[in-house]
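The values are calculated or read from the model by the stated rules, or taken from the named source; none is laboratory data. The shown structure was predicted, so the numbers you read here are calculated from the model rather than taken from an experiment. Positions of Cβ are backbone-derived with ideal geometry, glycine not excepted, and every protein chain shown enters the neighbour counts. In case anyone asks, the SASA skips ligands and DNA or RNA and just uses the protein heavy atoms, side chains included. Shrake-Rupley method; radii C 1.70, N 1.55, O 1.52, S 1.80 Å.
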Amino acid sequence: MGDSSELKSEIVTQITRLMSAHLTSGTAGLKCDGSATTSGLERAARWKSSGDNGEGREKEGDPGDKESAGIQGTGKQWFESERASRSVFNWLIALTIGDGTQSDSSAVKMRTTVYRGMDASILKYQPASGGISHFHPLRQGSWVVVCKMDQLFLGRVSVIYVKGGGQRPTHNYSDSCEDISKLSRLVVLTYTTWGDTVLSPLTVSAPRGTTPDTATYLYLHPENLVASLDVPCPKPVESSIDLEPGLSMHTVNRKLIAAFRELEVHAPAICRTVDKLFKEMRKRRKRADEDADEVDGLVNGESAAAQSKRLRE
């Protein structure tokens, strides 16, 4: 694991060094073979200090010479504008670090920004991280508070999917997840409360009882997760009564239901915040897709202007 982290760090460092050289050095850039070129100011300083009257210019190339401007051949298609360069840089960094759309830290920063200013009774459950961490990962069987259809539900995690690598992340089954930014999807069995210590599976049925009652499972995105309750109430189940295979009624520690009810009081505000999360996430994914499309166009030799014209048509 350590070797992988060191390799990623080294790749990011090299990308940053090469891209920074291009963005800050006038006509300097990268040739097709990846070697760095010097700027016109640097060459002029060398010629002046060495007393060269012009012979060296034929070897190194005049900055005004179209054939040796520092960015040659197809390399110019990569670095034809500062915007294109930054798009490539951001795309490569995202691809190297994680899921290809955003870095791990930016997802938490976004949730922190959206949840900022909410009541202290909500923030103590750490909604910015979903209440999960390296020391308290989300597991199958974790008790969570989720928002769906403008309601808060208390549920137990049945299935977890995490993001795979690559530009278009995949959904990979996992037993646990210790970072909200790695979480891809989750399935939660919801419960209804009876008093202060009893939980029963929330069930639904067709009108007029034409079908048997069915347990309510919610298929959710990371944005639907408000908080895991593993930290305030670890191992809350004290006893269980089996109702049918896979479903049980539980007697739980009263802290679990008390925590849910404390959040349920603020359900309208929390649900509005979850809606904001979804809107912000859609914006970020759209920007990431546009950056990826711009990189694809540059790789295929299509200029930014030509690509923009094609998209408008």
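A compact table of results
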| quantity | calculated |
| --- | --- |
| Identity of the residue in the stretch 107-127, in contact (Cβ under 8 Å) with a residue 24 or more places away in the chain and under 19 Å from the mean Cα position of the chain (by Cα), that ends up most open to solvent (accessible area, probe 1.4 Å) | Gln126 |
| Gln151 vs. criteria open to solvent by 20 Å² or more (accessible area, probe 1.4 Å) and either in contact with a Ser or Thr (Cβ under 8 Å, 6 or more places away or on another chain) or on the phi > 0 side of the Ramachandran plot (or both) | no |
| Residue within the stretch 162-183 that is of a type in the set (A, V, I, L, M), free of Cβ contacts under 8 Å to residues at least 24 places away in the same chain and assigned to a strand (DSSP E or B) present | yes |
| Residues (exposed (fewer than 12 other Cβ atoms within 10 Å of the Cβ) and either under 20 Å from the mean Cα position of the chain (by Cα) or modelled with pLDDT of 65 or more (or both)) located in the stretch 280-309 | Arg282, Lys283, Lys286 |
| Set Arg139, Arg185: member being open to solvent by 70 Å² or more (accessible area, probe 1.4 Å) and not aliphatic (A, V, I, L, M) | Arg139 |
| Residue match in the stretch 69-84 (condition: of a type in the set (Asp, Glu), touching a helix residue (DSSP H, G or I) at 6+ places or on another chain (Cβ under 8 Å), modelled with pLDDT of 65 or more and open to solvent by 60 Å² or more (accessible area, probe 1.4 Å)) | no |
| Considering residues of the stretch 203-218 that are among the hydrophobic types (A, V, I, L, M, F, W, C) and either more than 24 Å from Pro137 (Cα to Cα) or at pLDDT below 75 (or both) only, the residue most open to solvent (accessible area, probe 1.4 Å) | Val204 |
| Test: residue in the stretch 219-229 that is assigned to a loop (DSSP other than H, G, I, E, B) and open to solvent by 90 Å² or more (accessible area, probe 1.4 Å) | no |
| Pick from the stretch 230-256, criterion of a type in the set (A, V, I, L, M, F, W, C) and touching a residue at least 12 places away in the same chain (Cβ under 8 Å), ranking: surrounded by the most Cβ atoms within 10 Å (Cβ to Cβ) | Leu256 |
| Single residue of the stretch 154-182 satisfying the filter (under 25 Å from Thr112 (Cβ atoms) and among the charged types (D, E, K, R)) that is surrounded by the most Cβ atoms within 10 Å (Cβ to Cβ) | Lys163 |
